[in-house]
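The block underneath contains the structure these notes are about, expressed in structure tokens.
Rule-based calculations on the coordinates, nothing more; no lab input. This is a predicted model, so every value here is computed, not measured. A quick note on method: Cβ atoms are made from the backbone with ideal geometry, for glycine too, and the neighbour counts reach across all protein chains shown.
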Amino acid sequence: MSLFISFEGPDGGGKSTQAHLLVDHLKGRGLNVLLTREPGGTPIGDQIRRTLMDLGNTGMDPRTEILLFSASRAQIVHQVIRPHLESGGVVVCDRFYDSTLAYQGYGHGLDLDALRTITKFATGGLRPDLTLLLDLPAEAGLERRRSGGQWNRLDAYDLAFHQRVRQGYFELAKTEPERWVRVDATQPVDEVQAAVRQAVNARLA
Ligand code: TMP
């Protein structure tokens, strides 16, 4: 069966660790699973990712940011995600368009309707079936990133920006409660993974 799962949440919530663990679990169940991430996930997207994350690009306008994220997204949807779903597989994506609404919309204050229009153009209207919100306070997430040595240009936005992002996720989840499952990402890794698997297995049942 085809299923499209995305991981979302503030930085430092352990999304990529949890996505890898979930993929191992689903492969163990015999499913045809593809793990990917945004921005990136294709050779073109990886080049765009380097531009977006480069700490030297301090002058990047938020509008440039959304267009670059969307360009990477258009490529991954066309080249990777749609073909895999069409072949009946499961796709697990570390971030998808909800990151744009949370970061560029709620974080930077860009118009949400405009972002939705650009997003729809980039994705052709593709929507995840299930979105796992790995939630933790912005301060805790940034501290994990700093100590993990993964600091990038977006992490360097101020704390208030990251707090707006987290609130933005709550707003997004409220408008589509059937798609979103919130998981407390301050818990130990195995407990977070147990909650993730429970949500996914319920969809697969
Ligand atoms: P990550 O791959 O380590 O999660 O880093 C990606 C960063 O880019 C993260 O800070 C969230 C941000 N981001 C956006 O601002 N908008 C987007 O559309 C996406 C996909 C990510």
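When the gyration tensor of the chain is built from Cα positions, what are the square roots of 5 times its three eigenvalues, in whole Å, from largest to smallest?
25, 20, 16
GNM on the chain, alpha-carbon springs under 10 angstrom: the most fluctuating residue among Gly41, Gly88, Gly125 is Gly125. Go ahead and run the numbers for FRET between Lys174 and Glu86, Cβ-Cβ distance against an R0 of 30 Å, rounding to 0.05. Efficiency at R0 = 30 Å is approximately 0.45.
The residue list Ser147, Ala194, Tyr169 was ranked by how far each Cα lies along the charge dipole of the chain toward its positive end, using unit charges on Cβ atoms, and Ala194 comes out on top. Sequence-distant contacts, meaning Cα pairs under 8 Å at least 6 residues apart, place the relative contact order of the chain at 33 percent. Taking other residues whose beta carbon is less than 12 angstrom from the beta carbon of Ser70, and scoring Lys, Arg as +1 and Asp, Glu as -1, yields +2. Comparing Leu154, Leu142, Leu101 in a Gaussian network model of the chain where C-alpha atoms under 10 Å apart are linked, the largest mean-square fluctuation is found at Leu154.
Rg and Dmax of region 1-81, based on Cα coordinates, read 14.6, 47 Å. Net charge in the neighbourhood of Leu21 (other residues with Cβ under 10 Å of its Cβ; Lys, Arg +1, Asp, Glu -1) is -1.
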